[in-house]
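Engineer: Sharing a structure here in structure tokens format.
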Amino acid sequence: MHDALDVPADSTPVRFVGRVGFHFAVALLVAVLAVVAWNGGPRFSVAQPTVEVPASALVAVRGRGHAEPARYVVDAADAEGIVLLAAGGVSFAAADYPRITWHLPWDVPSGLQVNIAWRRRDAPGRLYSEAVEWSRGPAYIDLNGHPDWSGTIQEISLAIRGRIAAPLPVGGVRLRSAAWSVTLVDTLSDWRDRALVFAPGGFSSLDGERAAIAPLVPVVAGAVGIAIAALGWRARRRGARFPLGAAIGVFIAGWLVVDLRTQWHFARQHAANLAIYTGKSGDDRSAASPDGRLFETARKLRDATRERPARVLVLSDNTHLATRIAWFCYPENVWHGARSNARRPAVAPDQLRTGDQVVLVLYEAITWDPARQALVWQDGRTRAATPILVEGPALAMVRVDAPR
């Protein structure tokens, strides 16, 4: 005798939940082992799961940079807009260490393209390369199964294409083994930490899920499918109807695993933000945020001795920089270009009004000439101005004077 959901009449709620939980747990274990077998390398374990190449071992083959105690700072790209940092002196079997993480910061200029490059012992004159799906933070790639990631690797490099609008610190490179035991640990660690981008002082997101060895959602979905299939097979062998109630319970169990992981992560985020921001003033909170360095620049502009109110124009080749600096300067009458500079011509001299305050942040179309006390355009046009705040060629704030 069965009820509407095909739950045995003699089954108590505790026994029913226990059976559903057991089926789902076994199915999840099978799914995890399948993930490890699919993504693992040829070895079950290795003596050294991780190889850390420090920043001190990096050399700029293309572009310019300088070494600091714990990082290598990229100062500029070469004439073709390319930076190539090489970590020489390494030698390892490609099959043993296919998971690569370059330690890049979270606050980076937008529009950069990142590639992982390497040289093999059997072809030392050839540089192999693979693009990394990356926007900011650590640049991770898994080359397990890549046709060119084979043999013995003698050099690992980071290639960056784009305009380096500000010094870019690189903290070295981490090589992680693909042994089965390491893959299991890394998969579980991904679900705990990497899969959800944890940004203290900012907002969490699901962007990191794509960098996981195996994203949690499809693995749990596979486990739910395995568990339901097992329930159906068991019922068929016994000549019973399909246990719809147990199948719904398995689905709910899978949903809870995914949702509770997310809620746990957001709770960590909330606790971290409380620790960072509680008891601080508005300025101190902005200084402690992920955009703290931008805020310090904006605070210098905001607090500079100048006329108020005034129209403030923030110009930068980096749209993100201009947008964030303008945001921190509100509620003043601040203008910044919301469109990319490729689609927007530079402000012309006759478009500026006397008394306008122009901020130049890493901007090439217009520069400040302290000798002539003027804003200078690339085509030679000028507009007289008075300096308000100048910190080298990267940052200047001036007041536009009347045409001479």
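The values are calculated or read from the model by the stated rules, or taken from the named source; none is laboratory data. Not measured: the values here are computed from a predicted model. Heads up, the Cβs are rebuilt from the backbone with ideal geometry, glycines too, and the neighbour counts pull from every protein chain shown. Side chains included, ligands, DNA and RNA excluded: accessible areas come from the protein's heavy atoms. Shrake-Rupley method; radii C 1.70, N 1.55, O 1.52, S 1.80 Å.
Engineer: Can you find a residue that is among the polar types (S, T, N, Q), open to solvent by less than 20 Å² (accessible area, probe 1.4 Å) and under 25 Å from E209 (Cα atoms) anywhere in segment 95-106?
Structural biologist: yes
Engineer: Something else about it: Just for segment 352-369: of the residues that are modelled with pLDDT of 90 or more and outside any loop (DSSP other than H, G, I, E, B), which one is most open to solvent (accessible area, probe 1.4 Å)?
Structural biologist: Among those that are modelled with pLDDT of 90 or more and outside any loop (DSSP other than H, G, I, E, B), it is T367.
Engineer: Would you pick out the residues in segment 146-161 that are in a loop (DSSP other than H, G, I, E, B), surrounded by fewer than 17 Cβ atoms within 10 Å (Cβ to Cβ) and touching a residue at least 12 places away in the same chain (Cβ under 8 Å)?
Structural biologist: Those that are in a loop (DSSP other than H, G, I, E, B), surrounded by fewer than 17 Cβ atoms within 10 Å (Cβ to Cβ) and touching a residue at least 12 places away in the same chain (Cβ under 8 Å): H146, D148, S150, G151.
Engineer: Let me ask you something else. When R119 is evaluated against the numbered criteria (1) of a type in the set (D, E, K, R); (2) in a strand (DSSP E or B); (3) modelled with pLDDT under 90, which criterion, by number, is the only one it fails?
Structural biologist: Of the numbered conditions (1) of a type in the set (D, E, K, R); (2) in a strand (DSSP E or B); (3) modelled with pLDDT under 90, the odd one out for R119 is (3).
Engineer: Let me ask you something else. Looking only at segment 370-398, count how many residues are in contact (Cβ under 8 Å) with a residue 12 or more places away in the chain and part of a strand (DSSP E or B).
Structural biologist: Here the count works out to 15.
Engineer: What is the residue count in segment 125-145 for residues that are closer than 16 Å to G162 by Cβ and not in a loop (DSSP other than H, G, I, E, B)?
Structural biologist: Of the residues in segment 125-145, 3 are closer than 16 Å to G162 by Cβ and not in a loop (DSSP other than H, G, I, E, B).
Engineer: Here's a check for you: in segment 120-143, which residue that is surrounded by fewer than 20 Cβ atoms within 10 Å (Cβ to Cβ) and touching a Ser or Thr at 6+ places or on another chain (Cβ under 9 Å) is farthest from P169 (Cα to Cα)?
Structural biologist: Checked segment 120-143; the qualifying residue farthest from P169 (Cα to Cα) is D122.
Engineer: Continuing with the same structure: Please enumerate the residues belonging to segment 160-208 that are at pLDDT 60 or above and among the β-branched types (V, I, T).
Structural biologist: I160, I164, V170, V173, V182, T183, V185, T187
Engineer: Scan segment 308-317 and give yes if some residue there is surrounded by fewer than 13 Cβ atoms within 10 Å (Cβ to Cβ) and not acidic (D, E), otherwise no.
Structural biologist: Yes, there is a match, as at least one residue in segment 308-317 is surrounded by fewer than 13 Cβ atoms within 10 Å (Cβ to Cβ) and not acidic (D, E).
Engineer: Within segment 93-108, is even one residue part of a loop (DSSP other than H, G, I, E, B), among the hydroxyl-bearing types (S, T, Y) and assigned by TED's automatic domain parsing to the domain that holds P169?
Structural biologist: Within segment 93-108 (the criterion being part of a loop (DSSP other than H, G, I, E, B), among the hydroxyl-bearing types (S, T, Y) and assigned by TED's automatic domain parsing to the domain that holds P169), the answer is yes, since at least one residue qualifies.
Engineer: Give all pairs with beta carbons closer than 7 Å in which a residue from segment 302-327 that is more than 16 Å from L395 (Cβ to Cβ) meets a residue that is at pLDDT below 90 and open to solvent by less than 20 Å² (accessible area, probe 1.4 Å); count only pairs at least 6 apart in sequence or on separate chains.
Structural biologist: Listed pairs, sorted by first residue: T319/G337.
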